[in-house]
Amino acid sequence: MLEYLRLKNVGPAPEMEMELAPRLNLITGDNGLGKSFLLDAAWWALTRKWPNEVNRKMTSGYMAHPTDMRIPAEIELRLRSQTKSVSYTSTYSPRDEAWIGKAGRPWNPGLVIYAHADGAFSVWDPKRNYWKRKGNADIQERLPAFVFSPHEVWDGLTVTIDGRPTSVCNGLIADWSGWIKEKGTRAEAMATTLELLYSK
């Protein structure tokens with residue numbers, strides 16, 4: 001669980017700092033102040049991948065770059081691992097155009113789920129990840145996370161695995177139509193949910 005995040009020379013302000021409560025945190029403010037950017041940075045702190053790095057069809061979640069390339073940029077984080085709090089400061093390498101990370105197993109022990117403001121959806125599993133480095137840049141031998149654009153949440157996501165296109169998600173439309181055809185408990189649950197949504 002992410003406990004602390006500090007950004008220096010990254011994003012809309014020269015420096016941002018955030019202490020996170022254990023359960024629920026609310027971030028409010030006018031448009032353009034950096035709320036979504038802060039959530040993208042939190043996702044990176046937990047997963048070491050920007051959403052757009054995993055899925056190039058995303059229209060948001062791009063890698064953060066220093067505001068001023070003449071000044072060092074840092075992302076400092078503290079998160080709760082299975083046994084203790086772990087702190088780390090990542091610096092930006094202009095030469096590699098990458099954030100320098102520490103190799104090894106991810107510290108975060110649980111799933112990371114990110115529901116984006118634009119309807120996109122991201123899921124990261126630590127068991128699929130083992131951080132390695134080539135030079136200063138992180139490398140992955142397999143897909144580190146599933147990042148669904150808003151379109152793919154509805155219509156499904158197909159990725160290339162071992163050189164073959166593989167469907168990793170049917171999408172809501174295919175799932176719902178399959179449930180309706182089955183006329184089983186899932187179809188009943190969906191009908192009840194839709195009735196409740198329409199009655200509000």
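Structure above, values below:
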| item | result |
| --- | --- |
| Lysine pairs within region 1-138, Cα separation less than 29 Å, 8 or more sequence positions apart or different chains | 29 |
| Set of lysines near LYS183 by C-alpha distance (under 30 Å), chain-local residues within fewer than 8 positions excluded | LYS200 |
| 0 to 90° range, to nearest 10: angle between helix 185-199 axis and the chain longest Cα axis | 80 degrees |
| For the chain: relative contact order, % (alpha-carbon pairs under 8 angstrom, 6 or more apart) | 15 percent |
| Candidates TRP176, TRP124, TRP99: whichever shows maximal mean-square fluctuation once the chain is modelled as a Gaussian network with Cα springs under 10 Å | TRP176 |
| Degrees between helix 172-182 axis and first principal axis of the chain (Cα, 0 to 90, nearest 10) | 30 degrees |
| Estimated vicinal HN-Hα couplings, Hz - region 148-160 in sequence order (Karplus 6.51, -1.76, 1.60; Gly, Pro = x) | 9, 5, x, 4, 6, 4, 7, 9, x, 10, 10, 10, 8 |
| Where GluC sites (Glu not before Pro) in DSSP loops with at most 11 other Cβ within 10 Å are excluded, longest remaining stretch of the chain | 1-96 |
| Which label in (i) -0.43, -0.51, -0.96; (ii) -0.56, -0.65, -1.02; (iii) -0.61, -0.71, -1.14 gives the computed log10 I(q)/I(0) by the Debye sum over Cα atoms at q = 0.11, 0.12, 0.16 Å⁻¹ | (iii) |
| Rounded to the nearest 20 debye, dipole of region 17-163 from Cβ charges on Lys, Arg, Asp, Glu | 660 debye |
| Amide H contacts of ALA98 (H built 1.01 Å from N, under 5 Å, at least 5 apart or other chain) | SER93 |
| Residues with amide H under 5 Å from that of CYS169, placed H, sequence gap 5 or more | LEU157 |
| Residue with peak Gaussian network fluctuation, the chain [Cα springs, cutoff 10 Å], from ILE100, ILE71, ILE113 | ILE71 |
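Any read-out appearing in this document is the output of simple, stated calculations on the displayed coordinates, not a laboratory observation. Everything numeric in this text was worked out from a predicted model, so none of it was measured. Every residue, glycine among them, receives a Cβ derived from its backbone with ideal geometry; neighbour counts consider all protein chains shown.
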